[in-house]
Amino acid sequence: MRHAIRSRAVPSAFRIARVSIRLIGGIGAVLFILAAVTVYGLSVTNTARLVPVMSNSMAPGLAVGSLALTLPVSRDDIRVGDVIVFTDPDHPTIRVIHRVIHIYGADEAANFTNWVPNQLIASTKGDNNPQADPWTLTVADASIWRLDRSLPYLGQPAIWFETPSIRFWGFGVGGAALIGWILVIIWRRPSAESSEPAEPVTV
């Protein structure tokens, strides 16, 4: 009895590499987009904010490179010992995450110039700093971002990108990788094995 058996084409190494790159790139892109959308959504909805720790002023509890997860709480719920996020009074572009060491009552607060009722006036300090912060913090917002927990190492990329050269190469390599991944997807040149019909084998 004779019948034909068609040989199966073996995928080339190039094709396997192309499929692998496409798969890895797709998974990476999806994960990056999901993470970015999640962080943006939490911030926009005032559900939570992630603050990278850029200095050792709060070490060892908040190590450099960790990520501080902060949640909004009422200004009236802030107590001595809470770690809060606020804008540096001397440098409005810098965010500070320090511990509250003293809250001024109404009688004490009345001695401050331009104080109005219902404002929070407090002194703060970094746990690793020898002295309290040189300012007296005044907060008029109804809610304040308070530390909930620390996520080790997850804030490290923010520190890396503070360096101009790393930022340049990071965006350059990342952009090149993205372009390469897109080209791999759209470039679907058939391999020699798949373009030619397999020769029948007679048994």
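Below, the figures for the structure above:
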item: Search result, residues across the range 118-145 that are part of a strand (DSSP E or B) and of a type in the set (Ser, Thr, Tyr); result: Ser123, Thr124, Thr138, Ser143
item: Selection status of Trp115, over 13 Å from Met58 (Cβ atoms), open to solvent by less than 80 Å² (accessible area, probe 1.4 Å), in a loop (DSSP other than H, G, I, E, B) and without any contact (Cβ under 8 Å) to a residue 24 or more places away in the chain; result: yes
item: Candidates Leu147, Leu120, filtered to the one that is at pLDDT 95 or above and not basic (Lys, Arg); result: Leu147
item: Residues satisfying the stated conditions in the range 128-139, i.e. open to solvent by less than 70 Å² (accessible area, probe 1.4 Å), modelled with pLDDT of 95 or more and not small (Gly, Ala, Ser); result: Asn129, Asp133
item: Some residue of the range 30-40 being open to solvent by 70 Å² or more (accessible area, probe 1.4 Å), touching a residue at least 24 places away in the same chain (Cβ under 8 Å) and either closer than 24 Å to Leu151 by Cβ or not in a loop (DSSP other than H, G, I, E, B) (or both); result: no
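The values are calculated or read from the model by the stated rules, or taken from the named source; none is laboratory data. Keep in mind that this is a model prediction, so the values were computed, not measured. In this analysis, Cβ positions are derived from the backbone assuming ideal geometry, glycine residues included, and neighbour counts consider all displayed protein chains. Remember, those area values only see protein heavy atoms, side chains included, never the ligands or the DNA or RNA. Shrake-Rupley method; radii C 1.70, N 1.55, O 1.52, S 1.80 Å.
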